[in-house]
Amino acid sequence: QARSEETEAELAKLMQSYAGRTVILGVDRLDYTKGVPGRLAAFAQALERNPDWVGRVSLVQVSVPSRVKVEEYQEIKAEVDELVGSINGRFGTAGYVPIHYVFRNLDRPHLLALYRRADVAMVTPIRDGLNLVCKEYVAAKGEEPGALVLSEFAGSAAEMGEAVLVNPWSRDSLVEGLERAVGMSDEDKTKMMASLFERLSRY
């Protein structure tokens with residue numbers, strides 16, 4: 001599916017939209033276990049620590065609506081909206097929006113094209129039984145270069161040791177993991193994906 005005509009057409013559009021940019025991707029249900037506010041704050045800190053990222057590195061955060069009538073979920077949505085607004089206000093320029101925030105379900109070809117376009121996938125739940133987003137990213141990438149930043153508290157981390165493993169409770173760990181992934185060479189990214197893809201295909 002990641003190599004279907006529809007996905008290739010979506011990918012061509014994304015290549016144009018993000019030409020010359022490093023793209024970090026987060027895809028989650030909007031749920032307090034997924035660690036989205038911590039991820040956004042870590043991205044802001046990375047922009048602070050790496051001024052050369054401003055204008056060059058973008059975070060695309062896709063949040064799939066979940067339990068929208070429950071008060072706790074409304075609170076986390078308000079927190080995420082506020083964080084996105086303040087980070088974009090602080091680091092954005094006329095031609096650069098640091099965080100592209102998408103609050104809706106995406107159709108499959110567009111999501112798969114995003115996986116393929118993303119240089120880095122950031123999957124940082126504070127606790128997760130398994131987490132399939134990291135596996136979908138690897139499945140869509142195949143042996144194309146990509147880097148996965150993965151919470152050590154996601155069940156998938158047990159079989160994805162090549163990923164950059166981070167502690168989502170620690171801002172420093174998130175920032176350092178992100179810096180490491182963004183700074184990786186294409187050769188190292190290709191090795192990481194090839195190894196993860198081989199195991200994913202086997203099991």
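Key figures
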read-out: Qualifying residue in segment 169-176 (condition: among the basic types (Lys, Arg), open to solvent by 30 Å² or more (accessible area, probe 1.4 Å) and not in a loop (DSSP other than H, G, I, E, B)); value: yes
read-out: Segment 27-60, residues that are on the phi > 0 side of the Ramachandran plot and more than 14 Å from the chain's Cα centre (by Cα); value: 55
read-out: Set 130, 165: member being open to solvent by 20 Å² or more (accessible area, probe 1.4 Å), touching an Asp or Glu at 6+ places or on another chain (Cβ under 8 Å) and closer than 27 Å to residue 41 by Cβ; value: 165
read-out: Top-ranked residue of segment 46-62 - restricted to ones that are of a type outside the set (A, V, I, L, M) and over 15 Å from residue 88 (Cβ atoms), ranked as least open to solvent (accessible area, probe 1.4 Å); value: 50
read-out: Residue among 158, 181, 194 that is assigned to a helix (DSSP H, G or I) and closer than 22 Å to residue 53 by Cβ; value: 181
read-out: Residue in segment 101-112 that is open to solvent by less than 50 Å² (accessible area, probe 1.4 Å) and closer than 17 Å to residue 37 by Cβ present; value: yes
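Residue-wise test of (1) open to solvent by less than 50 Å² (accessible area, probe 1.4 Å); (2) assigned to a helix (DSSP H, G or I).
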site: 27; (1), (2): yes, no
site: 37; (1), (2): yes, yes
site: 40; (1), (2): yes, yes
site: 67; (1), (2): no, no
site: 83; (1), (2): yes, yes
site: 89; (1), (2): no, yes
site: 114; (1), (2): yes, yes
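The values are calculated or read from the model by the stated rules, or taken from the named source; none is laboratory data. Since the model is a prediction, treat every value here as computed from it, not as a measurement. Glycine also receives a Cβ, built like all others from the backbone with ideal geometry; neighbour counts cover every protein chain displayed. In case anyone asks, the SASA skips ligands and DNA or RNA and just uses the protein heavy atoms, side chains included. Shrake-Rupley method; radii C 1.70, N 1.55, O 1.52, S 1.80 Å.
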